[in-house]
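Trainee: So that we are looking at the same thing, I have put the structure below in structure tokens.
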Amino acid sequence: MTAAYRIAFVYSAAFALAILVLATAVYLGADAEYRHQQDLAIAEENAALVREFHEGGLPDLSKAIAKRQARSVVNAYAYAVFDRSGRRVTGALETTRPEAGSHDIVFSDAREGADPARALATDLAGGYRLVVARDTEALWQIDRTILLLFGGAFIVVIAMGAAGALILGGYLRNRLSGIHHAAMAIIAGDLQQRVPLAQGNDEFDQVGRALNMMLDRIGQLMENLRQVSSDVAHDLRTPLLRLRSQLEQVGTEEGAAARAIEQGDALLTLFAAILRIAEIESGALARNFLPTDLSALTTDMAESFAPAFADDGRLLTWTVDPGLVVIGDRTLLAQAIINLLDNTTRHTPGGTTVDIRLSGNPDLVFLSVADDGPGVPVTEHQRIFQRFVRCEVSRTTPGNGLGLSLVAAVATAHAGRVAIEDDTAGFCLTMTLPRIGAQD
Amino acid sequence: MHHVMRVLLVEDDSETARFVEAGLQGHGHDVTVAADGRDALRIGGEESFDAIVLDRMLPGLAGLDVLRGLRAREIPVPVLMLTAMGGVLDRVDGLEAGADDYLVKPFELVELMARLNALGRRPPLAESTTRLEVGSLMMNLLRREVSWGGTLIFLQPREFGLLEQLMRHAGEVVTRTMFLEKVWNLDFDPQTNIVESHLSRLRAKLRDVSGEDRIETVRGAGYRMRSNS
């Protein structure tokens, strides 16, 4: 049985039980109360007749009984007076002489045969015994009505419970089947499958949305992992083969060992870069993020690199607006800036001017690195952030094609993005990051 | 040039252990090798060392746990962690567990030696020192001033930082990565020549005033300031 059916079943069973308890209480209460009232009425009738006997003896009593019997169409009472020998001397109640006190008796009715009744027998002077009885038919009527009413209610509750269980169960099963089917499809290998969402925003939609977000995140992580493995598989082959051939030359060629070590170092650097990008893209670093003064960091980097640029015959200039703070990791942001600067030195000729510009609006911070070098064809702009992508013109310069991938990964990890400006003469990259208020 | 140290080397890879042990002994250090985390914790607790070189991935007990164990017993020996894991978080974890320095494999032996020397002589030269003096060269850390024989030398902030490191470790090698960490607060190697370009300017300024070059380039290792006159 499904959970939904079980819940609905338990609910209707509980309701049915409540009705049962209520019915029992009402039945017993009404029954007892009616019997009590009946005994009181019989006792009153009995007392009235006893008074008649005291006033006028048996003749008056007989007269009173006869009078009451005459209007017994509306009077539910029956009467009898027995003498000492048990013979009925007056009254129409067809029964044997009962003991004194209250009894349930059976009398024989002329029309209906044996009939149960409630009787009160009182001893009178002279050995007479007066019996006043009342047909208990009315009690049975009341009892039956109560039972019928509650029986009907009970059946209705059971029916409504069953219908509710079916409807609720069907609804839940229907809503959950989307999630179930999506899960089964994903297990079967269709990782693109997502939980279908209804228009509303009920609990099912919320769970569905949360599941879809989780699946997206898992998908990203898997893609990340897949990318790393394929990078390692494909793009490390070439340097490894080169290393191998250099090792073969060790002993026969001067300087081969040094070149092999250099090649090994380059490989390890490449590995570190791949793993670093993977680490950044995993999002785990966010737990270390702190408010970071990007203005101070940018100035620090610019001042640090200016001499190196000058040594290479380039000019580094910078314009940094103060007090621009982002939430992030100083090491990663520094590495992104370094990679951007490194990128310009790799791909521009001597004499190039490189300009760093840091500015902001109330919500965002813009970090641009622009140069007046040869630039990059617009057709290459889309590919430039992919791993190991190196433009045709830069095939011959050193580099592993990971520098800008890392910049893009850092920007994404900081909820920002990086883009190439189309309308500049040289090459200009802008990293946009969310800004937070001054450090407080 | 440097004093002899008792070093506990904890490394499970026998090839690396032999290589590092030979290197340390070659520099005259007294080396004890442990290949297992539990042994390391036991030996480190029983004997007294000037420094521990601790690999992060070990059988028996992980390097981080050995480190926490030592720190929990209030053994203050300087610990240099070695790791094949170069992730940002790995480094954070290591330093939080109480490591004094952190070196990512593969490393040059000279890098390890330079860092060990820096660790081993940490106590005699406290961070709170306000004046450094090497030969006629004087550095006032509070006023951020450098003078040679009474003549002030004007340095850019990063040049000052480089010189401070060289003077703190006078007579010893200071590597590129140590400069990057101390002066630039960068715990990774950006693979650029910022250290070299600032250092060449520093040297030129010192040479202009003093007419001598006390800073030596140690090939494949880093730089050293001659301490004797």
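Trainee: Quick check on this structure: which one of B:LEU180, B:LEU202 is assigned to a helix (DSSP H, G or I), crowded, with 20+ Cβ neighbours inside 10 Å, modelled with pLDDT of 85 or more and in contact with an Asp or Glu (Cβ under 8 Å, 6 or more places away or on another chain)?
Mentor: That would be B:LEU202, the only listed residue that is assigned to a helix (DSSP H, G or I), crowded, with 20+ Cβ neighbours inside 10 Å, modelled with pLDDT of 85 or more and in contact with an Asp or Glu (Cβ under 8 Å, 6 or more places away or on another chain).
Trainee: Looking at A:ARG242, A:ARG276, can you tell me which residue is of a type in the set (Lys, Arg), within 57 Å of the chain's Cα centre (by Cα) and either at pLDDT 85 or above or within 30 Å of A:THR424 (Cβ to Cβ) (or both)?
Mentor: The conditions single out A:ARG276.
Trainee: Which ones in region A:306-324 are touching a residue at least 60 places away in the same chain (Cβ under 8 Å) and surrounded by fewer than 21 Cβ atoms within 10 Å (Cβ to Cβ)?
Mentor: A:GLY323
Trainee: Please determine whether any residue of region B:92-99 is at pLDDT below 90 and closer than 24 Å to B:PHE19 by Cβ.
Mentor: So far as region B:92-99 goes, yes, one or more of its residues are at pLDDT below 90 and closer than 24 Å to B:PHE19 by Cβ.
Trainee: When the residues of region A:59-87 are narrowed to those that are aliphatic (A, V, I, L, M) and open to solvent by 40 Å² or more (accessible area, probe 1.4 Å), which ends up modelled with the highest pLDDT?
Mentor: Once the filter is applied, the top-ranked residue is A:ALA66.
Trainee: For region A:295-351, which residues satisfy the criterion of being part of a helix (DSSP H, G or I) and in contact with a Pro (Cβ under 6 Å, 6 or more places away or on another chain)?
Mentor: A:SER295, A:ILE338
Trainee: Do you know which residues across region B:192-207 are among the β-branched types (Val, Ile, Thr) and within 20 Å of the chain's Cα centre (by Cα)?
Mentor: B:ILE194, B:VAL195
Trainee: Suppose the filter is modelled with pLDDT of 90 or more, of a type outside the set (Lys, Arg) and on the phi > 0 side of the Ramachandran plot; does A:GLY360 pass it?
Mentor: no
Trainee: Could you tell me whether B:GLU133 is of a type in the set (Asp, Glu), open to solvent by 20 Å² or more (accessible area, probe 1.4 Å) and in contact with a helix residue (DSSP H, G or I) (Cβ under 9 Å, 6 or more places away or on another chain)?
Mentor: yes
Trainee: So, one more: If I ask for residues that are open to solvent by 40 Å² or more (accessible area, probe 1.4 Å), among the acidic types (Asp, Glu) and within 14 Å of another protein chain (Cβ to nearest Cβ), which ones from region B:40-94 would you list?
Mentor: B:ASP93
Trainee: Still on this structure, I have one more. Given (1) open to solvent by less than 30 Å² (accessible area, probe 1.4 Å); (2) away from chain A (no Cβ under 14 Å); (3) without any contact (Cβ under 8 Å) to a residue 60 or more places away in the chain, identify the lone condition not met by B:LEU186.
Mentor: Of everything listed in (1) open to solvent by less than 30 Å² (accessible area, probe 1.4 Å); (2) away from chain A (no Cβ under 14 Å); (3) without any contact (Cβ under 8 Å) to a residue 60 or more places away in the chain, B:LEU186 misses just condition (2).
Trainee: Ok, one more. Return the residue satisfying two criteria in turn: it lies in region A:275-287 and is of a type outside the set (Asp, Glu), more than 10 Å from chain B (Cβ to nearest Cβ) and part of a helix (DSSP H, G or I), and of such residues it is surrounded by the fewest Cβ atoms within 10 Å (Cβ to Cβ).
Mentor: Taking the candidates together, the pick is A:ALA286.
Trainee: Which of the following residues is more than 10 Å from every other protein chain (Cβ to nearest Cβ), surrounded by fewer than 21 Cβ atoms within 10 Å (Cβ to Cβ) and not in a strand (DSSP E or B): A:ALA257, A:ALA272?
Mentor: Only one candidate qualifies: A:ALA257.
Trainee: Can you tell me which condition A:HIS347 does not meet? The list is (1) over 51 Å from the mean Cα position of the chain (by Cα); (2) within 14 Å of chain B (Cβ to nearest Cβ), and all the others hold.
Mentor: (2)
Trainee: Which of (1) closer than 24 Å to A:ALA80 by Cβ; (2) out of contact with any Ser or Thr (no Cβ under 9 Å at 6 or more places or on another chain) does A:LEU22 not meet, given it meets every other one?
Mentor: Every condition holds for A:LEU22 apart from (1).
Trainee: Mind checking which pairs have a first residue in region B:191-205 that is facing another protein chain (nearest Cβ under 7 Å) and more than 11 Å from B:ILE215 (Cβ to Cβ) and a second that is open to solvent by less than 30 Å² (accessible area, probe 1.4 Å) and of a type in the set (Val, Ile, Thr), Cβ under 8 Å, 6 or more apart or different chains?
Mentor: From residues that are facing another protein chain (nearest Cβ under 7 Å) and more than 11 Å from B:ILE215 (Cβ to Cβ), the pairs are B:THR192/A:ILE338.
Trainee: I would also like to ask the following. In region B:207-229, which residue that is among the basic types (Lys, Arg) and assigned to a loop (DSSP other than H, G, I, E, B) is surrounded by the fewest Cβ atoms within 10 Å (Cβ to Cβ)?
Mentor: B:ARG219
Trainee: Taking region A:122-136, which residues are touching a residue at least 24 places away in the same chain (Cβ under 8 Å) and farther than 18 Å from A:ALA32 by Cβ?
Mentor: Once the filter is applied, which keeps residues that are touching a residue at least 24 places away in the same chain (Cβ under 8 Å) and farther than 18 Å from A:ALA32 by Cβ, region A:122-136 yields A:THR122, A:LEU124, A:ALA125, A:GLY126, A:GLY127, A:TYR128, A:ARG129, A:LEU130, A:VAL131, A:VAL132, A:ALA133, A:ASP135.
The values are calculated or read from the model by the stated rules, or taken from the named source; none is laboratory data. These numbers were taken from a predicted model, which means no experiment stands behind them. Because the Cβ atoms are built from the backbone with ideal geometry, glycine has one as well, and the counts that use them run over all protein chains shown. With ligands, DNA and RNA removed, areas are computed over all heavy atoms of the protein, side chains included. Shrake-Rupley method; radii C 1.70, N 1.55, O 1.52, S 1.80 Å.
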